[in-house]
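**Q** What follows is a structure written as structure tokens; I'll ask about it next.
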Amino acid sequence: MTNKDVYAVVDPADGELVKVYPTATDEAVDGALDTAARAYAQWSRQTVAQRARLLSSVAPLHDERSGPLAEIIHREMGKPLDQAVAEAEFSASTYR
């Protein structure tokens, strides 16, 4: 594989390679767009109350997983861990 065939995630804090992913093909992108369009069509048929219930159910999941989510934010963005925890908690409050 050449460099153009992969996407590398690098830890910005130390420059170490986290993981390498294959670059998405045109077909994969088209498939993702089709899936997103179908999901949007289904989502848009829901009432505001139904959407609110779904989003409210996401908040406790963010709260429960704030530590692991913060680790991901820290590793992929280089954000200090305490700020990454705050970001995960802020996301939970946004869903509420």
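**Q** If we keep just the residues of region 27-63 that are touching a helix residue (DSSP H, G or I) at 6+ places or on another chain (Cβ under 9 Å) and among the charged types (D, E, K, R), which is farthest from A8 (Cα to Cα)?
**A** Result: R51.
**Q** Also: Going through region 4-37 one residue at a time, which ones are among the charged types (D, E, K, R) and touching a Lys or Arg at 6+ places or on another chain (Cβ under 6 Å)?
**A** Correct list: D11 only.
**Q** Still on this structure, please answer the following. Of all residues in region 43-88, which are hydroxyl-bearing (S, T, Y), exposed (fewer than 11 other Cβ atoms within 10 Å of the Cβ) and in a helix (DSSP H, G or I)?
**A** S44, S57
**Q** If the requirement is being without any contact (Cβ under 8 Å) to a residue 24 or more places away in the chain and among the small types (G, A, S), which of these qualifies: S91, S66, S56, S44?
**A** So the residue among S91, S66, S56, S44 that is without any contact (Cβ under 8 Å) to a residue 24 or more places away in the chain and among the small types (G, A, S) is S44.
**Q** Then there's this: Restricting the search to region 6-15, which residues are more than 18 Å from the chain's Cα centre (by Cα) and surrounded by 10 or more Cβ atoms within 10 Å (Cβ to Cβ)?
**A** Of everything in region 6-15, those that are more than 18 Å from the chain's Cα centre (by Cα) and surrounded by 10 or more Cβ atoms within 10 Å (Cβ to Cβ) turn out to be V6, A13.
**Q** Would you confirm whether any residue within region 4-24 is in a helix (DSSP H, G or I), in contact with a Pro (Cβ under 7 Å, 6 or more places away or on another chain) and charged (D, E, K, R)?
**A** yes
**Q** Being free of Cβ contacts under 8 Å to residues at least 12 places away in the same chain, at negative phi and open to solvent by 90 Å² or more (accessible area, probe 1.4 Å) is the requirement here; does K19 meet it?
**A** Answer is yes for this residue.
**Q** Which numbered condition trips up Y40, out of (1) open to solvent by 90 Å² or more (accessible area, probe 1.4 Å); (2) among the hydroxyl-bearing types (S, T, Y); (3) within 16 Å of the chain's Cα centre (by Cα)?
**A** For Y40, the failing item is (3).
**Q** Still on this structure: Considering only region 75-96, how many residues are over 19 Å from S56 (Cα atoms) and of a type in the set (D, E)? Steps first, answer last, please.
**A** Step one: of region 75-96, the residues over 19 Å from S56 (Cα atoms) are 75-85.
Restricting the remaining residues to those that are of a type in the set (D, E) gives 76, 82.
Adding up the residues that qualify gives 2.
The values are calculated or read from the model by the stated rules, or taken from the named source; none is laboratory data. Note that the structure is a prediction, hence the values are computed from the model and not measured. Don't worry about glycine lacking a Cβ; one is built from the backbone with ideal geometry, like all the others, and counts go over all protein chains shown. SASA here: full protein model, heavy atoms, side chains in, ligands and nucleic acids out. Shrake-Rupley method; radii C 1.70, N 1.55, O 1.52, S 1.80 Å.
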